Amino acid sequence: MKKDYLKIIFILFKKELMSYFNSPIAYVFIGVFLVVGNWLFFNTFFLAAQASMRNYFAFLPWIFLFLSPAITMRLWAEEKKSGTIELLLTLPLTDWQVILAKFFSALAFLSISLLFSLTIPVSLAFLGNLDLGPVFGGYLGALFLGGSYLALGLFISSLTKNQIIAFILGLAACFAAFIIGADFVLAGSPQDLIPLMKFIGLGNHFNNIARGVIDTKDIVYYLSFIFLFLWLNVRVVERRGWK
Amino acid sequence: MIEIKNLTKKFGQVLVLDNISFSVAKGEILGFLGPNGAGKTTTMKIITSFWTPTSGQVLVGGLDADENSLATRKVIGYLPETVPLYEEMRVFEYLKFIAEIRGLNKQEIKDRIKQVILICGLKKVLRQPIEELSKGYRQRVGLAQAIMHEPDILILDEPTTGLDPNQIVEIRDLIKTIGREKTVIFSTHILSEVSATCDRVIIINNGKIVGQGVPAELIEKYGGLEQAFRELTK
């Protein structure tokens, strides 16, 4: 039973991941991600002349902010628009299986894109003395942060059948979740709320991990965030046809 | 095989299905008639567990389609009105995905895909992306999807819309062949199709069953199926 459960998720995961590469989305996405990321980084890299990826991980959350909703926008919206949702949800699968498959395929795709950016740390290691701790932390943090964006975006995609709306709302929601703990937002907020907002914001936890400080508190935070939105997603899918 | 008891479905205040009951025996082909918006599709969506009823019950092979939905979904093959195809996939990729996710083992996947290709006449388009297929082929791929796991029950929502007369006859023959051993429910607007294929007909209007019987009986009683349809769904 357990084995079958995972096997079905894997079959669906494979199909979802393949569908990125069957369409131009994957190539446009990876292309834009690499060009923008590398350009922004190497633009200032030679001026600073430091073998560190700190700058890269400073703007990575912003690139992800725009690109993650682009990955997730179609995951439910397209199924609804094309009617395939009726096939998917009448197959003998549980809603959790479908949602886990969709989430992990999106995460796998994001990880593949990140894999291509490994040319940066490799180049840096040749150029100078690269401290591997923060690099490792940065990539780990990027996966957790990206995973959170994707879980949120996937949830939002389940609310609409229009991909553009899924993208824009996804972007807005990710932006809000990211910015809420940022210093310039906190500066204008009521004192009592500051610790809470700091904790909720996706960005602060990323900064901790990207510094190379891997604290279970941050990991638990990200996992809970991801779980919360996958769970909400299951609730939305369950309520289909209740109008 | 399928038993529907006092099925009611409301969307907000709108009553779509109003206390419908009927049953379909094993090996029976049931034609579902009714004007657009009568509740045919809604009934099918509830039998396939896509939607849950507001009240009432659907029993599939004795199992409740709401409580044991994973079990009942296994024995049902469903072709929705909008053919559910993943446009960017090629036909064989799609069929393979369906076979895999339906839990067939390696050997079964091979054998079954071959059979289904033969039954539905898909040999020529196997390597084509689904988005390039004609309406007729799309419908056939959809049907191939529905019969892949040799389900005991086939639910087909307007399987012949948009097809040319030759294709309609082909699909009709296919339904008849499958219906010899399996239970089939299909909805249609083409009345001649009903007398040609169905063992029994149910006509629904405004969410209620307004007439049912063997096609020959209805024809005799009302002087033709069209007359029966017009009379009962006024």
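The values are calculated or read from the model by the stated rules, or taken from the named source; none is laboratory data. All values reported here derive from a predicted model rather than from experimental measurement. Neighbour counts are summed over all protein chains in view; Cβ atoms, including those assigned to glycine, are modelled from backbone coordinates with ideal geometry.
Of everything in segment A:96-138, what is charged (D, E, K, R) and surrounded by 16 or more Cβ atoms within 10 Å (Cβ to Cβ)? Give them in sequence order.
Once the filter is applied, which keeps residues that are charged (D, E, K, R) and surrounded by 16 or more Cβ atoms within 10 Å (Cβ to Cβ), segment A:96-138 yields only A:K102.
Is it the case that segment B:225-233 has a residue that's assigned to a loop (DSSP other than H, G, I, E, B) and of a type outside the set (S, T, Y)?
Within segment B:225-233, not a single residue is assigned to a loop (DSSP other than H, G, I, E, B) and of a type outside the set (S, T, Y).
Filtering segment B:64-76 down to residues that are in contact (Cβ under 8 Å) with a residue 60 or more places away in the chain and facing another protein chain (nearest Cβ under 8 Å), which residue is surrounded by the most Cβ atoms within 10 Å (Cβ to Cβ)?
B:I76
Does B:L143 fit the bill of being in contact with a Pro (Cβ under 7 Å, 6 or more places away or on another chain) and farther than 21 Å from A:K14 by Cβ?
For B:L143, the condition - in contact with a Pro (Cβ under 7 Å, 6 or more places away or on another chain) and farther than 21 Å from A:K14 by Cβ - is met.
Filtering segment B:175-224 down to residues that are crowded, with 22+ Cβ neighbours inside 10 Å and over 17 Å from the mean Cα position of the chain (by Cα), which residue is modelled with the lowest pLDDT?
It comes out as B:L218.
Can you tell me which condition B:R138 does not meet? The list is (1) within 26 Å of B:E108 (Cβ to Cβ); (2) of a type in the set (D, E, K, R); (3) assigned by TED's automatic domain parsing to the domain that holds B:L70; (4) surrounded by 15 or more Cβ atoms within 10 Å (Cβ to Cβ), and all the others hold.
(3)
So if I check each of B:E93, B:E88, B:E81, B:E28, which one is free of Cβ contacts under 8 Å to residues at least 12 places away in the same chain, surrounded by 15 or more Cβ atoms within 10 Å (Cβ to Cβ) and acidic (D, E)?
B:E93
With respect to B:D164, is the statement that it is of a type in the set (D, E, K, R) and either crowded, with 21+ Cβ neighbours inside 10 Å or closer than 30 Å to B:R102 by Cα (or both) true?
Here the answer is no, as B:D164 does not meet what is asked.
Which helices (runs of 4 or more DSSP H) sit wholly inside segment A:1-99 and have at least 3 residues that are touching a residue at least 12 places away in the same chain (Cβ under 8 Å)?
Passing ranges, in order: A:2-22, A:25-48, A:54-82.
Being in contact (Cβ under 8 Å) with a residue 24 or more places away in the chain, β-branched (V, I, T) and facing chain A (nearest Cβ under 10 Å) is the filter here, so list the residues in segment B:42-63 that pass it.
Residues satisfying the conditions are B:T42, B:I46, B:I47, B:T48, B:T54.
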